[in-house]
1. Å³ per residue of the Cα convex hull, for segment 100-279?
2. Between segment 136-151 and segment 63-83, what is the separation of their alpha carbon centroids in Å?
3. Quick one: net charge of ILE44's neighbours, Cβ under 12 Å, K/R +1, D/E -1?
4. Report the net charge of residues surrounding GLU174, where surrounding means a beta-carbon distance below 13 angstrom and charges are Lys +1, Arg +1, Asp -1, Glu -1.
5. Among SER202, SER267, rank each residue by its count of other Cβ atoms within 10 Å, from fewest to most, as a rough exposure measure.
6. Please arrange MET78, MET266 by counting, for each residue, the other beta carbons lying within 10 Å of its beta carbon, fewest first.
7. Just want the ordering: HIS278, HIS257, HIS184, HIS60, from fewest to most Cβ atoms lying within 10 Å of their own Cβ.
8. Find the relative contact order for segment 100-279 and round it to a whole percent, using C-alpha pairs within less than 8 Å whose residues are 6+ positions apart.
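Only the coordinates and a few stated rules stand behind these numbers; no lab work does. All values reported here derive from a predicted model rather than from experimental measurement. Note that each Cβ is placed from the backbone with ideal geometry, even for glycine, and that neighbours are counted across all protein chains shown.
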Amino acid sequence: MRDQKKIKVIKQADNKKLTGKLLGLDSRNIYHQNNKLEIRDQEIKEKINNSFIDNPAYGHRRLAIYLDYNKKRIRRIMKKYGLKPPRLWYQKKFLTETEPKYDDQFTNKIQDKAIEELNINEVWSSDLTYIKYKGEFIYLAAIKDLKSREIVGAEIGSQHNADLVIKTLKQAYEKQRVNPRIFHSDRGKEFLNEKCISYCTSNEISISVSNPGSPWQNSQIESFWSRFKSESGDLNRFDTLGELTEYIYSYIHYYNHDRLITKLKMSPINYKQQILNHLN
């Protein structure tokens, strides 16, 4: 039994001196041990609060990785002091219209693929979201590499249409210098239309779409938008669209380079580099 558990038992006992003796602890030292524990907890509490400055949505799992502590210890201290991430995760889906004439032409080509078996830039997943800014809507398109979890492309536009999607695809290609083998999305008309289909076909990109009524089949990129919105807070705090745009791209840089993916225990870029080093 650990000392902390022994101390708890002694505190609850009627005869603390006898119980302490049986457990091998001097009941007179409990105060001093509690004081040492409190000091250590206060130190970790300060580290957690400092971590929230750059990582305002980190829960106990990511904090444990980031601070290199046991996750149970971090959870205990957060509970003890009532610490919560300043910005909590939530999901808000942007609904798009579908194009019925393509219902039977394209299928989900990745539903049976395990992410672990993919190569970098083999499958890109894309989605659109919106931001209501100063009473107007602006639209964001993003593309995520399923293997590395890196956001390989992101563009902002005043309309959610095929042009925005193609612009994002072109940007991703410029950054990665390669097109994916498969481009996956939901069935929104921004993706399933003549322009996008023609672009993918001419670049030998195979189109994959989620099954009808199955939004979870594009969950990786959708979850990115959910995290972006929840961790960013009120975007109307920016005075100009230029400031907002700058923030959006800085967040994507943070997501790619610094934000820990719990399952990977590292950022997407670090994970990507790890894979590339292993291949070499």
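1. Looking at segment 100-279, the number lands at 124 Å³ per residue.
2. A separation of 30 Å, based on Cα centres.
3. Working: positive: ARG40, LYS45, LYS47, ARG73, ARG75, ARG76, LYS80; negative: GLU38, ASP41, GLU43, GLU46, ASP68.
Neighbourhood net charge equals +2.
4. +3
5. Working: SER202 8, SER267 20.
With the sparsest Cβ surroundings first, the list reads SER202, SER267.
6. Ordered by Cβ neighbours within 10 Å, fewest first: MET266, MET78.
7. Numbers: HIS278 7, HIS257 12, HIS184 28, HIS60 20.
Ordered from fewest to most neighbouring Cβ atoms within 10 Å, HIS278, HIS257, HIS184, HIS60 come out as HIS278, HIS257, HIS60, HIS184.
8. For segment 100-279, the relative contact order is 21 percent.
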